Amino acid sequence: MSLHFADVPRFHFGVCTRRILVAAICLCCTVLVHPQQPAPTLELSRTVRGWEFLPVVGSRAGLFGNETGQFEAWVYPLKLFRDFRLIFHVGDRALPAESLARTLTVRPESASILYAGDSFRVRETLCVPVNEAGAVIVLEIETEQPLEVEAAFTADFQLEWPAALGGTYLNWDERQHAFAFGEESGKFAALVGSPSAGDAHLAYETNYSSSTQNSFRLGVTQRGKEKKALVIAASVAGQADAEKLYQHLLTSYAESITESASYYRTYLDKTVGLELPDAALRQAYDWARISTIQGMVNNPYLGSGLVAGYRTSGVSQRPGFAWFFGRDSLWTSLALNAEGDYSTTRTALDFIGKFQREDGKVPHEISQSASLVPWFKDYPYAYVSADATPLYIIAMNDYASQSGDIAFARAKWDNVWRAAQFLRATYDAQGLAQNAGSGHGWVEGGPLLPVKNEYYQAGLGVEALRALSNLARLLGKDDIAKQSATEFDAKKAQLDQAYWSPDSSMYAFARKQDNQHVDEASVLATVPMWFGLPDAVHADTMITKLSDADQLTDWGMRIISSNSKVYDGSGYHFGAVWPLFTGWASVGEYRYHRAMPAYFNLRANALLATDGALGHFTEVLSGDYNQSFATSSPHQIWSSAMVISPILRGMFGLQANAEKHEITLAPHVPADWTSFSIKNVHAGTVGVDFQYHKAVDSIALEVRRTGSGDCWVDFSPAISKRTEVADVELDGRPLHFTMEQNIDDRHVVVRFPLAGASGTVVVRLKNDFGLSLANELPALGSASKSLRVVDQSWNDSHDQLTLDLSGVSGKQYELEVWNPGQVASVKGGELTNAGKLRVQMPQGPEGTYLLQKVLIQFHKH
C-alpha cells in the first residue's frame, strides 16, 4: 500500500498551516516557523487483493463488490443487479477482467481498478455521486490492437429486505442504449447503459437451456486511447424519472465526480483537522471522517439518517448493515460532535426520534424498506435493544452542549423526556436499568446470557441521568435538573458498589436474576469509564486486567478474556474483536490516565484503515488471528467513529462547550511527540487552532482564534509523576496554574481567556521523562506479537518506575525513552546507546505471552 502526496493531481487538501515552535527563554518567547508543507492527499493505492471488499457509496446509492471489479448496484431502497464484471475481447480471446486486475486506487469520491493485458491497459473508475440516485463507471482504455469491452451482470431488481417487488422485467432499450428495469406497478425503474452500448444479450430460460447473464458491448477501440462511460440510474417515481437522471449523468458525469470530490474536501476543511507526527494515525483520522460521513443515507421514503455499514448481499437483499440502527448512529454521533460535524448529528438524532415508540423506547433498527412493510408491528427487530434509549438521551445532551443548539434540544424535549420515563420503567429493585424484560444490552446472544442487567446497560442508564439533568438545566427546567442531578450522584455510587467484585478485583460483566455477579472480565466495563463513572482505583485495576494479551490482541480488544471457559475466537459476542470495543477501551483508558494501553488501542484501530477494505474499518475480527470475519461488514460506520473519538475525546481530551464559550484540551500524547496541531475547533461563534510543541524543558501551546465573542481555553497537558513544573507564562506574563494528581500521571492545569487573535502558553519543566511505544499489526492471518505495557507504577519519591510488560516468549522489544539522561540504571532491561529501553522476554512455549518486570532507577534530583 502506498500513500501518494501532492504530486497526485486528483484530490488535494490545501496546505498545512505553519508549524510554530515556541520555546521560553528568560522572560520572552522565541517563535520559530517551519517551512510550509503540503498536506498529503487521501488517495490510497495498493496491489489488488481479490478477496477484499470494495465500497463506493453516496447518500442515495452504492456499489458493493471486491477489488477485482465484480460488484452489485443499489439505489436505495432498490437492488438493481449483482455479479457485474467486465470482459475484454482481443482478437478471438475473451479475457475476464478479474484475472487482469492489478492495482487499486481509492479516493473519497471514487475507486479505480487498473487492468493490464499483454497489449492493453484499462482503468475502470467507479463513482457514486454524493447526492444522485445512480452511479458512473468510466473506462480509460489504452491499447495497441483492437479491443472491445463487454459489461455483464445478473439482474436482481428487488427491494431491500424484507420488502419485495412482484413481477419484474428487463428489456433492452435501443433508443437509450441501455437495459431498462421495471415492474408491473410502474413505480420502480432503472437504466444501465452507455452511449456506445450495443450487441445486447439478455438472460433467458427455456426447457433446454438458460443463462442468468445480461451483457452489452461498448464498441471497438482500434488502437490508442479512448474513454467510455457507463451509467446506472434508478427511480421510485417511474421510468420517465429514471430516464431523466440517466441522461443527466451521461452528459455531466465529469462534473458529478468533481462535485463529489469537492464535497469531501469541503467536509474535511469544515471539521476538526489534525497534523500529527504519527503519519499512519493522521491518515487514518482523515479516512475515518470520510468513512463515517459515508454512512449518511437519504432514503426516499424514510428520510436521511445514519446506516450501520456496508457489505455485499450476494443472492440476498441485505447489503451488510445498510439500514438504520439506533445505537450505531448514537455512538457515531459522539465522534461527529467531537470533530464538529453537528449538522450530521442533528440529522441522525432527528431521524431516530421520528420512530421512537409511544412509550418512549428508542428504536434499534429500521430497514430501508420499513415503510413498505408493517416493520414496526409485525417484525421483532425495531425495538429489540434496550441500550438505544439511554444513548439517545446521552447523545442529545452531548450535541446540545457542544453545538449550543438549544432550540433543537427544546424541540426534542418530549422525545428525551419519554425516553427517560421508559428508562425509569426498566429499573430493577436496586434502581439500576436492566435488560431482562426490556431488551438486550450489548450482548444479543451466546453463552454470556441470560443476565438481568449488564454493567454496560446499567452504566448507560446512570449516565443518562446526568445528561438529562444538564439538558433540563439548559432548557430552564430547574426542578428536573436538580432532581436528576441528585439521582445521578446516588446511582453513580450505587453502580460501583453493585458491579465491583472485590474477590476477583474486577467489574462484573453483568448480574443475574439473583443479583449474583457474572465475573467475566469484559471490555464492556470501559463504557462506564468513557463517562468517568467508576471509582478511580477500581478503574485503574480493571484497566490493568484488560491490558494483557488474553484481553488485548494486536488488532484490538476481545469482548472477554481468551482464558474464559466460554471464550471462542470466532464467537460474535463471546470472543471476537470489535473496533467498537477497542475504541471504547481507548477513550476509557485515556479518561483514567492510562495512556500507554489507550494509545495501543487507538493505533490498533487506526491501522485497520489500510489492512482491510482500503480506507475503511471493519465491523468484527477474529479473536485469535488478524483476520476479519467472513460475515463482517468491512465498511462499518461506528468502527470508523472509533478512530475519531479516541483521538479527539481520548488522546487530546478535546471538548467544546458552546454555552460556556470554552474549549478544553487535556492531551495525553506519546512521550516522543514533539509537536502536533489541531485546527478548526469551534465553541459557539469562535473558531480556534492549536499548535503544540514540546522540548525537554518546556511545553508550549500557541492558540489562534477567529470569530467574535468570548473564548476560554482550559489547557491541562499530562506529564509524568517525576516531572516538575517551574512556572507557566501566557504571552510572557506569569499565569496561575494548579497540579492535578492522578494514579498514573499529573496534569498542569491552566485556564485563560483568549481575548486577542492569538496567545501562547509556555510551561517550563524539570526532570521530564516518558516512555512511548508504537505498535504494528501483524500480517493478515497471524497471531499477536506486539509488546503490551500492562501496568506502570512510581514509588513515593518518584525516582523509581516499575513496568509490568507482556510480550512473546524469547522476543526482544524496544521502547522509546524521552529524556534518557534521567535514567541511572535499569533492572530487567537495558538502556541502549541510542537511548532506547531494550527488553528481552524470557524463554517459554513458542508464541506464548509472558510477563517481564522492569525497574527503572532515576538520578536523584
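Return yes when residue 581 is crowded, with 24+ Cβ neighbours inside 10 Å, under 18 Å from the mean Cα position of the chain (by Cα), within 29 Å of residue 447 (Cβ to Cβ) and not polar (S, T, N, Q) and no when it is not. Yes; evaluated as a whole, the condition is true for this residue.
For the range 738-745, the criterion of being in a strand (DSSP E or B) and either of a type in the set (Asp, Glu) or crowded, with 21+ Cβ neighbours inside 10 Å (or both) is met by at least one residue.
A residue that is of a type in the set (Asp, Glu) and within 20 Å of residue 595 (Cβ to Cβ) can be found somewhere in the range 770-779. The number of residues in the range 397-438 that are among the basic types (Lys, Arg) and either surrounded by 18 or more Cβ atoms within 10 Å (Cβ to Cβ) or at pLDDT below 95 (or both) comes to 2. Consider residue 759 carefully, then state whether it is more than 30 Å from residue 861 (Cα to Cα) and either in contact with a Cys (Cβ under 8 Å, 6 or more places away or on another chain) or part of a loop (DSSP other than H, G, I, E, B) (or both). No, not satisfied.
Residues being buried (at least 21 other Cβ atoms within 10 Å of the Cβ), within 21 Å of residue 591 (Cα to Cα) and touching a Gly at 6+ places or on another chain (Cβ under 8 Å) are represented in the range 776-788 by at least one member.
Table: residues versus (1) closer than 30 Å to residue 687 by Cβ; (2) under 26 Å from the mean Cα position of the chain (by Cα); (3) not hydroxyl-bearing (Ser, Thr, Tyr).
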{"residue": "382", "(1), (2), (3)": "no, yes, yes"}
{"residue": "404", "(1), (2), (3)": "yes, yes, yes"}
{"residue": "407", "(1), (2), (3)": "yes, no, yes"}
{"residue": "422", "(1), (2), (3)": "no, no, yes"}
{"residue": "440", "(1), (2), (3)": "no, yes, yes"}
{"residue": "457", "(1), (2), (3)": "no, yes, yes"}
{"residue": "460", "(1), (2), (3)": "no, yes, yes"}
{"residue": "464", "(1), (2), (3)": "no, yes, yes"}
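Scanning the range 809-830 for residues that are open to solvent by 30 Å² or more (accessible area, probe 1.4 Å), touching a Ser or Thr at 6+ places or on another chain (Cβ under 8 Å) and free of Cβ contacts under 8 Å to residues at least 60 places away in the same chain turns up just one, 814.
Of 522, 504, all but one fail to be among the small types (Gly, Ala, Ser) and free of Cβ contacts under 8 Å to residues at least 24 places away in the same chain; the exception is 504. Does any residue of the range 721-728 turn out to be among the charged types (D, E, K, R), within 28 Å of residue 684 (Cα to Cα), open to solvent by 60 Å² or more (accessible area, probe 1.4 Å) and out of contact with any Pro (no Cβ under 8 Å at 6 or more places or on another chain)? Scanning the range 721-728 turns up no residue that is among the charged types (D, E, K, R), within 28 Å of residue 684 (Cα to Cα), open to solvent by 60 Å² or more (accessible area, probe 1.4 Å) and out of contact with any Pro (no Cβ under 8 Å at 6 or more places or on another chain).
Reported count of residues in the range 312-358, each being open to solvent by 10 Å² or more (accessible area, probe 1.4 Å), part of a loop (DSSP other than H, G, I, E, B) and of a type in the set (A, V, I, L, M, F, W, C), is 3. Residues being in contact with a Pro (Cβ under 8 Å, 6 or more places away or on another chain) and either at pLDDT below 95 or more than 20 Å from residue 602 (Cβ to Cβ) (or both) are represented in the range 795-812 by at least one member.
Out of curiosity, is residue 67 touching a Lys or Arg at 6+ places or on another chain (Cβ under 8 Å), buried (at least 20 other Cβ atoms within 10 Å of the Cβ), at pLDDT 95 or above and not polar (S, T, N, Q)? Quick ask: steps written out before the conclusion?
On the way: touching a Lys or Arg at 6+ places or on another chain (Cβ under 8 Å): yes; buried (at least 20 other Cβ atoms within 10 Å of the Cβ): yes; at pLDDT 95 or above: yes; not polar (S, T, N, Q): yes.
Answer is yes for this residue.
Based on what the data block shows, is residue 363 part of a loop (DSSP other than H, G, I, E, B), out of contact with any strand residue (DSSP E or B) (no Cβ under 6 Å at 6 or more places or on another chain) and buried (at least 24 other Cβ atoms within 10 Å of the Cβ)? Yes. Residue count for the range 141-169 under the criterion of being surrounded by fewer than 17 Cβ atoms within 10 Å (Cβ to Cβ), touching a Gly at 6+ places or on another chain (Cβ under 9 Å) and either among the polar types (S, T, N, Q) or part of a loop (DSSP other than H, G, I, E, B) (or both): the result is 4.
Taking the conditions exactly as written (of a type in the set (Gly, Ala, Ser) and either at pLDDT below 95 or more than 29 Å from residue 848 (Cα to Cα) (or both)), does residue 698 satisfy them or not? Yes: the conditions hold for residue 698.
The values are calculated or read from the model by the stated rules, or taken from the named source; none is laboratory data. This is a predicted model, so every value here is computed, not measured. Neighbour counts are summed over all protein chains in view; Cβ atoms, including those assigned to glycine, are modelled from backbone coordinates with ideal geometry. With ligands, DNA and RNA removed, areas are computed over all heavy atoms of the protein, side chains included. Shrake-Rupley method; radii C 1.70, N 1.55, O 1.52, S 1.80 Å.
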